[in-house]
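Reviewing the structure listed below.
Bear in mind these aren't lab numbers, they're just calculated from the coordinates by the rules spelled out. Quick caveat, the model's predicted, so the values are computed rather than measured. Quick reminder, even Gly has a Cβ in these numbers, built from the backbone with ideal geometry, and neighbours come from all protein chains shown.
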Amino acid sequence: MTTYWILFFIAAGFALISQSRAPILGDNLYSTKLYSEWIVFIFILTILIGFRFEVGGDWYIYNEHVSEAIDSTLASALTKYGDPGYYFLNWMSAKSGFDIYGVNLICGLVFAIGLSKFCRSLPRPWLALTVAIPYLFLVVALGYSRQGVAIGFGMLALVAFGRKDIKWFVLWVFLAASFHKSAVLLLPIALIANTKNSYLTIFGFLILGVGAFFLYLEQYIEKLYQNYVTAQSQSSGAFIRLSMNAVPALIYLLFRDRFHFSENEKEIWRWFSILSIVMLILFFLISASTALDRIALYMIPLQLVIFSRLPDAFGVDTFSRTFIFTLILFYYAFVMFVWLNFAYHAYMWIPYKSFLVEMVI
């Protein structure tokens, strides 16, 4: 677990020496330009994700998909399992001899770019990155390849949405959904946030719902229902993860006037907050906690957004801002410590092993 802690402390170190940025674009928006230190960090994250060896709970399942793709035609690879973007990548990597590492490198690169661009859209990007490491990076990106790359595209979509660039938003969401179909949930959320006309909202829900169903879910809906609802699938630690989203959600809903978002950002994070709290309530009302847990992965960016803005939202002077900042770092260090030492499946991530080292040995 040393690798994970080194990464966390490097990000935290940059966060400590960085100042809160002022918006340089209109409507309280920040530049997402990636400077050299961010390029280096993207490279590091990509290498850690791409060349991991037997790391993550689904490692052997993903390995089997690449093995199956070797003898598959392109048509069968695209249609056999769904998620055509991900299985096209498997097919390409298998045919070119890059095996699982080619798949993971591309997934890692997309995730790292999406995360970096998203963090750079915030006033304290290094603090946001530090918040992302204990769970979004360590557990999701290093463990769930399809969800990781889908969230990477999803974060690019959220940046575009905040800038009212709807065409890019839709493109990024559909790319995300091609890797994990659940990402289509971002479309109706954004539609609600982007209109105050209730009839248009209902109409948009119907159109997008029907379109998403036929494009991504129709042939898999029975399987999803059986896995997540009929079987009352339970996800260990779901309550904690849902709570981690609900905390910043509650902070934002109670004190949203303290957060200076653009108009589009204000609405999208309000709905993210509402959904995060609703999912926590549903945890006590329904048995399919795994379904809630998977959907909640797309709500994790809310943690980055709210906690990276928290010192400036509540700090009245340098001391109070520093105090809040330090509390956030300790909180996420504690989250990481607890997960690495007490999570039921943490042993699948420990120790971190790299193909590059294994190949030399």
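Check which residues have an amide H placed less than 5 Å from GLY56's amide H, if you skip close sequence neighbours.
When sequence neighbours closer than 5 places are left aside, the close amide H contacts are TRP349.
Choose one of SER273, ALA69, TYR30: the residue whose Cα lies farthest towards the positive end of the charge dipole of the stretch 2-360 (beta-carbon charges +1 Lys, Arg; -1 Asp, Glu; about the Cα centre).
Selected residue: TYR30.
Fewest to most neighbouring Cβ within 10 Å: what's the order for MET92, MET336? Don't skip to the answer; put the middle values down first.
Details: MET92 16, MET336 19.
Lowest to highest Cβ neighbour count: MET92, MET336.
With unit charges on the beta carbons (Lys and Arg positive, Asp and Glu negative) and the dipole taken about the Cα centre of the chain, which residue among ASN104, LEU185, LEU158 sits farthest to the positive side?
Value: LEU158.
Of the listed peptides 139-147, 101-109, 51-59, what is their order by residue-averaged count of other C-beta atoms within 10 Å, with the highest listed first? It would help to have the intermediate numbers written out before the result.
Values: 139-147: 24.1, 101-109: 22.6, 51-59: 18.3.
Ranked by mean Cβ neighbours within 10 Å, highest first: 139-147, 101-109, 51-59.
Rounding to the nearest 20 debye, state how big the charge dipole of the chain is about its Cα centre with +1 on each Lys and Arg Cβ and -1 on each Asp and Glu Cβ.
On the way: 24 positive and 20 negative charges, 155 e Å.
Magnitude of the dipole: close to 740 debye.
What list of ³J(HN,Hα) couplings, whole Hz, do you get for the stretch 252-269 from phi and the Karplus terms 6.51, -1.76, 1.60, once you set θ to phi - 60° and write x for glycine and proline?
In residue order, the calculated couplings are 5, 5, 7, 10, 5, 5, 7, 9, 9, 8, 5, 4, 5, 5, 4, 6, 5, 6 Hz.
Quick one: compute the contact order of the chain, relative version, from alpha carbon pairs under 8 angstrom and 6+ residues apart, as a percent.
In percent, rounded to a whole number, it is 22.
Evaluate 2.2 N^0.38 Å with N set to the residue count of the chain, then give the Cα radius of gyration divided by it. All intermediate terms of the calculation are to be shown ahead of the outcome.
On the way: Rg = 20.0 Å, N = 361, 2.2 N^0.38 = 20.6 Å.
For the chain, the normalised Cα radius of gyration is 0.97.
When LEU136, LEU340 are ordered from fewest to most other Cβ atoms inside 10 Å of their Cβ, what list results?
Details: LEU136 22, LEU340 18.
Starting with the residue having the fewest Cβ neighbours, the order is LEU340, LEU136.
Quick check on the exposure proxy: order ARG321, ARG21 from fewest to most C-beta atoms within 10 angstrom.
By the 10 Å Cβ count, ascending: ARG21, ARG321.
What is the set of long-range amide H partners of SER354 at a cut-off below 5 Å, with H atoms built 1.01 Å from backbone N?
Residues meeting the criterion, in which the H sits 1.01 Å from N, are PHE53.
I want to check a number: in the chain, how many lysine pairs have alpha carbons closer than 14 Å, given a sequence separation of 8 or more or different chains? Can you show the working numbers first?
On the way: LYS33/LYS117; LYS80/LYS223; LYS164/LYS266; LYS181/LYS223; LYS196/LYS266.
Going through the chain pair by pair, I get 5.
Quick check: the distance between the Cα centres of the stretch 13-54 and the stretch 111-185, to the nearest angstrom?
13
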